[in-house]
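Asker: Can you keep this structure in mind? I'll have questions shortly.
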Amino acid sequence: MITVKHGVFHLQNERSSYLFRVRDGFLEHLHFGARVSASDADALAARPGCGWGDSTLYREGSNANCLDILPLEWSGCGRGDYRESPVELAQNGLPISTEFRYTGCEALKTPLPSALPASRGQATLAVYLEDSTAKLRLTLLYGVLPTVFTRRAILENCGDAPVSIRKLMSSCADLPGDWTLHTFSGGWIAEMQHTETPVTMARSCLESTTGASSSRANPGFLLAAPNATETGGEVCGFNLLYSGSHYLSAQKSLQGLTRVMQGISPANFSWELAPGDRFETPEAVMAWSDAGFGGITDCFGRYVNEALIPPYWKNRPRPIVYNSWEGCMFDFTEAKLLRLGKLAKQLGCELFVLDDGWFGTRDSDTSSLGDYSVNVKKLPNGLKGLGEKLNTMGLQFGLWFEPESVSPDSELYRSHPDWALHDDLGREDLLGRHQLLLDLTKPEVRDYIVRSVGGILDSAPISYVKWDMNRHSCALGAKQHAFVLGLYDVLRRIFEPRPEILLESCSSGGNRFDCGMLYFSPQIWCSDDTDPVERLRIQQSLSYLYPPSTFGAHVSASPHAQTLRATPLSTRGNVSLFGCLGYELDLTELLPVEQAEIRVQIEFYKAHRRTLQYGRFTRGRTDGGGAVWQAQTREETVAGVFHGVQNAASGYERLRVTGLDAGKRYRLESRAQLLRVGDFGSLLRHVLPVKLNPNGLAVQTADSYYKMYDGQQTVTASGAAYGAGIMLAPRFAGTGYDADGRMQSDFGSNVYFVREVQS
Ligand code: DGJ
C-alpha cells in the first residue's frame, strides 16, 4: 500500500512501514521499521536543536535547514551535507554541485520499462526531484511488495550540455539507531564469509570491482540491532538486483544517523549522459523484521520465490540433478555418459547434466570457448542423440555453456579477435583461466550468442542450462555497466521465449550469486567447494539472503578435491538436502552400501522436497554443540543436526524444533541413513565373535548386503516439548554398535522430520 497524505509518503507492506516527507524541498527520511501510521510522522521526525557551531545552513535563519544533520532520503553535493553523497557528477571533467528539490509524485499504473531486472508485481511510487540550476531531473522510484520495499533512481539530463555520472546510487537513507553491519565476502571456493562490523563514524564499505557481483563481496547485507538473535530483535536486510561491480556503505553521523547506501560501484565508473538521455540504476531491495535474523530470512525467501525468479518456476519442484563435471571433467564419451546416466537413474536422479567439454576441441580449459560445434569424437550421435537416449532412460537432459567468454584458441577468436575485450591502451591481454571476455556491449556479439545458444537449445531435447562464467576482466574498465546490460539482454532473448528451460547460473562457483541473476535463473551454483563442512558455512550464510530453492547443492566424492577432507556420505547428503539436491561424482566407483545410502537420500528428498526447497528456513544450535537447520511448511518440519570434529564421550544433546503449536502432538522420525561396517575399523575385532580385517573381503561383502542403520529415532511429544528441546539419541561412546544410537565419527549429522499426529 502506498499513501501520500498531508505531505507524508507512507509505504506499507505486511511487515513494515517506510515513511518520508518533504521538508523545505528536500526528502526527509522518517521511518523504516514497524508498521505505523502516517499520522505518526511528527512524532517520528528528527528534532534538530538550536545551532550547530560550524555548520552550513541551507538557507540563513533556520537550524532545521542544516542538511548535514537531517535524516534524508537523498542528498546532493556541495550544499552543506558533508556526509557521503549518493551522487557525483562532472561537467567538462570537473565535479559539479547538485541540489535536488521535490517537484511532485505519481503512483505508476504500470511499471516503467527497464533494461535491468525489476521485482515483479510491485506497486510503484515515482517521486520527482529537480536540480533547476544543473538542469537535471531525478526520479526516485519506491516499490512495495508483501515483505520488502524496493528503490531505484533515474537521472535525466534536461540541459543542453553533456553530464558525466561518476556515481549514482540506487538508494540512500539515514537510519536512526545502533547497528551492526553483517556482510558476506570471500573468494573462490571460500564464498560467503560472514563478518560483523559495528557501524561507527568510520565508514564501512563493501565493494566488488571485478565486473561481477563477485564472491569477494556478495551484494546482500544486513544491519542488525545489538540485541538481535535468530528469533527476535530488529534486523534490516538489503540487496541489489545487479550482477556487476557494486558498492555498499554504512556510516554513522555524530547525530547517530546511519547513512546507508547501495548501488553500482563508483570505482572506474563513468557514464556520459548526453542532453535528453536518462540513466537508471539497478533496483535495491530492503526488508525489515523485528523477528530477528529468521524474520529477515523469511522476508527475503518469500520475496525471491514470489517476486524475483521467472514466473514459470515459481513454486515448481526443482529436479534432482546428476552433473558430469567432478566425475568426468573433460574426459568422456557417449558410452561413458550413458553408463553414468543409467546409474543416476537407478539411484533416483531426474536430470542428467553434461557439463564442460562437449564442443570444439575442448579437452582441457585452454581452448574452444566461443565455438558451438559439437565434438563428434566424444558424442558421435550429437547432443540430440545423447539427449534422446537419456530421455528414453527416463532422465531429462541439461547442458553447460559459457557464452560470455572466448578462448584465444578458438574458431571464433580467429575470425573475430575484435569481439573480445582488450586493454583500452593496447597493453598485452591478461588471461584468466586461459580465456578472455567477449564484448557484450557490441550488438553483433550479443546476436551471435543468442543465435548460437538458442540454436543448440532448439537442436536437442534440453530442459536445463548451466550458464557458467569463469573470468573477471580488468579490461572491462568503463564498459562494466554496459557489459552487464548486454548480459541481461542476451539472457532475456534466450530464455524468455523458452520459459520451461531451467537455468542454473554459475560463475566459478558463487561469483554471481545475486538477485540480478536470480531474475533469470531460479537457481545458482553456490560454490565449487562441495566439501560439506565448507558448504555448511556457505549455505548457512546464503540462507540469510536467499531461500534454499535457489541453492545448487551437490554431493561429491570424499576425500574432497578442494580440502582433502574425508566426510561421511550421509553428511554430504544431509547438507545438500537443504537446497536443490544433486550428485557430482563418478557413480561407477560407488560401493553397494554407498549406492544404497544415495538411494535413501533421494527417496527422503522426494518425500520432503517441498519443505526442503520452499519451507521457511531458520538456523539454530543444539545444546550439544550441533548446528541446526530447520525448514518448515504447514505440513511438516525437517531439521538437520550437524556436528564438527567428534569428541569422545559426548554428552546429552537436545534439539529444539521451533514454530510448532504448543498444544498439538507431533511425531519425529529420523531419516534412515546407512553406515559402512568397515567404518568401525579395528573395533570390529572386539565386538564380533569372528576376527575380521576392516578392509578385507568379508567386510566389503557385509557392506554390500547388510544394512547397518545409524541414529534411528522416533519421538512423539507436544509442540511445547519440542520447543523446550527433545532429547536426541546418544552418540557413540567408544563401546560398540547401538542401532538406536548415533554412531557419528567426525562431521556426523542426522536429519529428522516432524509431523502432527492425532492425540
Ligand atoms: C566452473 C564451474 O563452477 C564448475 O562447476 C564447472 O562447470 C567448470 N567451470 C567447468 O569448466
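The values are calculated or read from the model by the stated rules, or taken from the named source; none is laboratory data. Note that this is a predicted model, so its numbers are computed, not measured. Positions of Cβ are generated from backbone atoms using ideal geometry, with glycine treated the same way; all protein chains shown enter the neighbour counts.
Asker: Could you check region 539-624 for strands (runs of 3 or more DSSP E) lying wholly inside it with 1 or more residues that are charged (D, E, K, R), away from the ligand (no atom under 16 Å from the Cβ) and touching a Phe, Trp or Tyr at 6+ places or on another chain (Cβ under 9 Å)?
Answerer: On the way: elements: 551-555, 580-583, 616-621.
By residue number, 616-621.
Asker: Moving on to the next point. Taking strands (runs of 3 or more DSSP E) that do not extend beyond region 1-98, which have at least 1 residues that are surrounded by fewer than 13 Cβ atoms within 10 Å (Cβ to Cβ), of a type in the set (A, V, I, L, M, F, W, C) and out of contact with any strand residue (DSSP E or B) (no Cβ under 7 Å at 6 or more places or on another chain)? Can you show your working first?
Answerer: Details: elements: 2-5, 8-12, 16-23, 26-34, 87-91, 94-96.
Ranges flagged: 94-96.
Asker: What is the one condition in (1) more than 16 Å from the ligand (Cβ to nearest atom); (2) more than 26 Å from the chain's Cα centre (by Cα) that ARG302 does not satisfy?
Answerer: It is condition (2) that ARG302 fails.
Asker: Criterion first (away from the ligand (no atom under 16 Å from the Cβ), within 21 Å of the chain's Cα centre (by Cα) and buried (at least 23 other Cβ atoms within 10 Å of the Cβ)) does VAL465 satisfy it? I'd like the intermediate steps shown before the answer.
Answerer: Numbers: away from the ligand (no atom under 16 Å from the Cβ): no; within 21 Å of the chain's Cα centre (by Cα): yes; buried (at least 23 other Cβ atoms within 10 Å of the Cβ): yes.
Considered against the rule, which asks whether it is away from the ligand (no atom under 16 Å from the Cβ), within 21 Å of the chain's Cα centre (by Cα) and buried (at least 23 other Cβ atoms within 10 Å of the Cβ), VAL465 comes out as no.
Asker: Among the candidates THR110, THR139, single out the residue that is buried (at least 18 other Cβ atoms within 10 Å of the Cβ) and among the polar types (S, T, N, Q). So that I can check it myself, show each step before the final result.
Answerer: Details: THR110 fails: buried (at least 18 other Cβ atoms within 10 Å of the Cβ).
Only one candidate passes the filter, namely THR139.
Asker: Between a first residue in region 347-372 that is closer than 24 Å to LEU502 by Cβ and in the same structural domain as SER508 (by TED's automatic domain parsing) and a second residue that is within 12 Å of the ligand (Cβ to nearest atom) and acidic (Asp, Glu), which pairs have beta carbons less than 6 Å apart while being 6 or more apart in sequence or on different chains?
Answerer: Short answer, once both residue conditions are applied: LEU369/GLU402.
Asker: Mind counting the residues in region 387-403 that are over 26 Å from SER507 (Cα atoms) and crowded, with 21+ Cβ neighbours inside 10 Å?
Answerer: So the first thing to find is which residues in region 387-403 are over 26 Å from SER507 (Cα atoms), and the list is 388-394.
Still in the list and also crowded, with 21+ Cβ neighbours inside 10 Å: 390.
Looking only at that region, the number is 1.
Asker: Right, LEU536: hydrophobic (A, V, I, L, M, F, W, C) and farther than 25 Å from ALA631 by Cα or not?
Answerer: Numbers: hydrophobic (A, V, I, L, M, F, W, C): yes; farther than 25 Å from ALA631 by Cα: no.
In short, no.
Asker: Out of all the residues in region 432-448, is one or more assigned by TED's automatic domain parsing to the domain that holds TYR322, of a type in the set (Val, Ile, Thr) and either within 27 Å of the chain's Cα centre (by Cα) or over 24 Å from ALA115 (Cβ atoms) (or both)?
Answerer: Initial filter on region 432-448 (assigned by TED's automatic domain parsing to the domain that holds TYR322): none.
Checked against the condition, which is being assigned by TED's automatic domain parsing to the domain that holds TYR322, of a type in the set (Val, Ile, Thr) and either within 27 Å of the chain's Cα centre (by Cα) or over 24 Å from ALA115 (Cβ atoms) (or both), region 432-448 yields no hits at all.
Asker: Another question, if that's okay. Suppose we filter region 477-523 for residues that are of a type in the set (A, V, I, L, M), farther than 24 Å from PRO548 by Cα and either in contact with a strand residue (DSSP E or B) (Cβ under 8 Å, 6 or more places away or on another chain) or modelled with pLDDT under 95 (or both); how many remain? Break it down into steps so the answer makes sense when it comes.
Answerer: First, pick out the residues of region 477-523 that are of a type in the set (A, V, I, L, M): 478, 482, 484-485, 487, 490-491, 494, 501-503, 517-518.
Add one more test, that the residue is farther than 24 Å from PRO548 by Cα, and what stays is 478, 482, 484-485, 487, 490, 494.
Adding the requirement that they be either in contact with a strand residue (DSSP E or B) (Cβ under 8 Å, 6 or more places away or on another chain) or modelled with pLDDT under 95 (or both) leaves 478.
Going through region 477-523 one residue at a time, the tally reaches 1.
Asker: Do we find that GLY301 is under 25 Å from TYR464 (Cβ atoms), buried (at least 16 other Cβ atoms within 10 Å of the Cβ) and not polar (S, T, N, Q) in this structure? Let's see the steps before the verdict.
Answerer: Working: under 25 Å from TYR464 (Cβ atoms): yes; buried (at least 16 other Cβ atoms within 10 Å of the Cβ): yes; not polar (S, T, N, Q): yes.
Here the answer is yes, as GLY301 does meet what is asked.
Asker: Here's another thing I want to ask about it. Got a sec? Which of ALA118, ALA46, ALA90 is out of contact with any Leu (no Cβ under 6 Å at 6 or more places or on another chain) and either at pLDDT below 95 or not assigned by TED's automatic domain parsing to the domain that holds LEU155 (or both)?
Answerer: On the way: ALA118 fails: either at pLDDT below 95 or not assigned by TED's automatic domain parsing to the domain that holds LEU155 (or both); ALA90 fails: either at pLDDT below 95 or not assigned by TED's automatic domain parsing to the domain that holds LEU155 (or both).
Of ALA118, ALA46, ALA90, the one residue that is out of contact with any Leu (no Cβ under 6 Å at 6 or more places or on another chain) and either at pLDDT below 95 or not assigned by TED's automatic domain parsing to the domain that holds LEU155 (or both) is ALA46.
Asker: Give the number of residues within region 742-759 that are touching a strand residue (DSSP E or B) at 6+ places or on another chain (Cβ under 6 Å), surrounded by 16 or more Cβ atoms within 10 Å (Cβ to Cβ) and at pLDDT below 95.
Answerer: Within region 742-759, residues that are touching a strand residue (DSSP E or B) at 6+ places or on another chain (Cβ under 6 Å), surrounded by 16 or more Cβ atoms within 10 Å (Cβ to Cβ) and at pLDDT below 95 number 3.
Asker: Looking at region 494-520, which of the residues that are in a loop (DSSP other than H, G, I, E, B) and within 14 Å of the ligand (Cβ to nearest atom) is farthest from the chain's Cα centre (by Cα)?
Answerer: First, pick out the residues of region 494-520 that are in a loop (DSSP other than H, G, I, E, B): 496-501, 506, 508-509, 511-514, 519-520.
The next check asks that each one be within 14 Å of the ligand (Cβ to nearest atom); those that pass are 506, 508-509, 511-513.
Values: CYS506: 11, SER508: 14, GLY509: 11, ASN511: 10, ARG512: 8, PHE513: 4 Å.
So the residue we want is SER508.
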